[in-house]
1. Looking only at the range 57-91, filter to residues that are among the hydrophobic types (A, V, I, L, M, F, W, C) and assigned to a helix (DSSP H, G or I); which one of those is surrounded by the fewest Cβ atoms within 10 Å (Cβ to Cβ)?
2. Give me the pairs, please: first residue somewhere in the range 149-161 and more than 9 Å from A124 (Cβ to Cβ), second residue anywhere and away from the ligand (no atom under 14 Å from the Cβ) and open to solvent by 50 Å² or more (accessible area, probe 1.4 Å), beta-carbon distance under 8 Å, and either six or more positions apart or on two chains.
3. Are any residues in the range 10-32 under 15 Å from the mean Cα position of the chain (by Cα) and more than 8 Å from the ligand (Cβ to nearest atom), and if so, which ones?
4. Quick check on the range 316-330. Is at least one of its residues outside any helix (DSSP H, G or I) and either buried (at least 17 other Cβ atoms within 10 Å of the Cβ) or in contact (Cβ under 8 Å) with a residue 12 or more places away in the chain (or both)?
5. Filter the range 38-56 for residues that are in a loop (DSSP other than H, G, I, E, B), within 10 Å of the ligand (Cβ to nearest atom) and either open to solvent by 80 Å² or more (accessible area, probe 1.4 Å) or on the phi > 0 side of the Ramachandran plot (or both) and give the result.
6. Could you check how many residues of the range 116-157 are of a type outside the set (K, R), part of a helix (DSSP H, G or I), more than 25 Å from E46 (Cα to Cα) and within 12 Å of the ligand (Cβ to nearest atom)?
7. Assess whether H192 counts as being at pLDDT below 95, within 16 Å of the ligand (Cβ to nearest atom) and out of contact with any Cys (no Cβ under 9 Å at 6 or more places or on another chain).
Amino acid sequence: SALFKPIRNSDPPLPSHRCTKISVVGVGNVGMAIAQTILTQDLADEIALVDSKPDKLRGEMLDLQHAAAFLPRTKITASVDYDVTAGSDLCIVTAGARQNPGESRLSLLQRNVAHFRHIIPPLAKASPDSILIIVSNPVDVLTYVAWKLSGFPVNRVLGSGTNLDSSRFRFLIADHLDVNAQDVQAFIVGEHGDSSVALWSSISVGGIPVLSFLEKQQIAYEKQTLEDIHQSVVGSAYEVIGLKGYTSWAIGYSVANLARTILRDQRKIHPVTVLARGFYGVDGGDVFLSLPALLGRNGVVAVTNVHMTDEESEKLQKSAKTILEMQSQLEL
Ligand code: 6V0
C-alpha cells in the first residue's frame, strides 16, 4: 500500500523547465553566502553548485540539504561537471583565485582569466538562454571576459559591480543621518575598487535631494565629510578582509537581491557592471563598469540617466580609463 493514492485523470506533471533554476559556480565563502541567501529567500526551485574541489563541493551540498526541514523545498544538486547546471535561468560565477599578499591586481586578473576559460564556455553551453552574473574579482574586467567567452548578448552578462559598494554607502549615510538605509537613494558607480565614483549630487533621502537641500537652506557642510564617507566605502572590503579574512554576508545579500530583481522582473535600478561604451561620455573601447541600470527578466534593460556634475563625470571617465588599461594588457 502506497503512502499516497494518486488522483484519477489528473493532468501530466508540468515540465521541469517551468521551475526556476540558479547555478552558482564556486562554493567558497562568497558562493555559499549567495547560495544560502537565495535558499532562505525562496528565490529558486533548484540550485546547482559547481566547484573544482569535489569533496568541498559535496560537503557544502550535503550541509545545505540537511537544512531542508527548515526551508522552502528546493532541489540542491552539485557536480564538478557543468551538465548539472543545464537549463539554468541564472548563473552566478564566484569561482577563482583571491589576491595573494603582495600580488598585483593584474596578476590576479591573469590567473582568473585562466580559470574563466574553463568555466564560462561550458556554463554558457549548458544554459544558452541564461543570464550571467559575475562576482569574481576584478569583477569589471572579468565581466568583459565572460561576455567575450560566452558569446551572449550584452544584456545577459552583468557583474555585481558596485551594487555592494552602494549598499555600504547607503548604510554609512543612513548611519550618519540616523535613518533607515532603505530610504537613502545613493549610487557609487565606476570601478568596483579604488577608482569608484560616489554620485553625491544625486543622493536623496526620503525623496529630498540632500546636497541641493543643504545648499538652498545655506547649511554648511564639509566636502571632507563627503570624501571621508566615500573613502570608508572604498576601504570597507579591505577592512573586513583584514579582520575576518574574506567578505561574505553583504555580497551574499547583494547578489541575491540582483537575482530577485532579474528573475521576478522587478525592473529595479541597481548599480551593476554593464557595457558602458556610449553612456555618460565613456568611450575608447568595450569597457565594462558599474552604472545605474534597470534590471528585469531580460537582464540589463536600460541604463538610467542619473544627473552627474562635470566633476563626477570626469571621475567616471578616469575610472573607465583605469579599467581599459587593465583590459588592454589581457591576452584573450
Ligand atoms: P574562495 O573562498 O577561495 O572560493 C573560491 C572557490 O572557487 C573555491 O571553492 C575554489 O575551489 C573555486 N574554484 C577555483 N577555481 C575554480 C575553477 N576553475 N572552477 C570551479 N571552481 C573553482 O574565495 P571567495 O569565495 O572568498 O571569493 C570568490 C571571488 O569573489 C574572489 O575573486 C573575490 O575576490 C570575489 N569577491 C567579489 C566581490 C564583489 O563585490 N564583486 C565581493 C567579495 C568577493
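1. Filtering the range 57-91 for residues that are among the hydrophobic types (A, V, I, L, M, F, W, C) and assigned to a helix (DSSP H, G or I), the one surrounded by the fewest Cβ atoms within 10 Å (Cβ to Cβ) comes out as A69.
2. Once the first residue is more than 9 Å from A124 (Cβ to Cβ) and sits in the range 149-161, its partners that are away from the ligand (no atom under 14 Å from the Cβ) and open to solvent by 50 Å² or more (accessible area, probe 1.4 Å) give N155/N298; N155/V301; R156/N298.
3. Residues satisfying the conditions are I22, S23, V24.
4. yes
5. The first filter runs over the range 38-56 and keeps only residues in a loop (DSSP other than H, G, I, E, B), leaving 41-45, 51-53.
Filter again for within 10 Å of the ligand (Cβ to nearest atom), leaving 51-53.
Residues satisfying the conditions are S52, K53.
6. The initial filter retains those residues of the range 116-157 that are of a type outside the set (K, R), namely 116, 118-124, 126-147, 149-155, 157.
Remaining after also requiring part of a helix (DSSP H, G or I): 116, 118-124, 126, 139-147, 149-150, 154-155.
From the residues that got through so far, the ones that are more than 25 Å from E46 (Cα to Cα) too are 139-142, 144-145, 149, 154.
Then drop every residue that is not within 12 Å of the ligand (Cβ to nearest atom), which leaves 139-142.
Number satisfying all stated conditions: 4.
7. Against the criterion (at pLDDT below 95, within 16 Å of the ligand (Cβ to nearest atom) and out of contact with any Cys (no Cβ under 9 Å at 6 or more places or on another chain)), H192 qualifies.
The values are calculated or read from the model by the stated rules, or taken from the named source; none is laboratory data. The structure displayed is predicted, hence computed values, not measured ones. Cβ sites come from the backbone with ideal geometry, for glycine too, and all protein chains shown count toward neighbours. Side chains included, ligands, DNA and RNA excluded: accessible areas come from the protein's heavy atoms. Shrake-Rupley method; radii C 1.70, N 1.55, O 1.52, S 1.80 Å.
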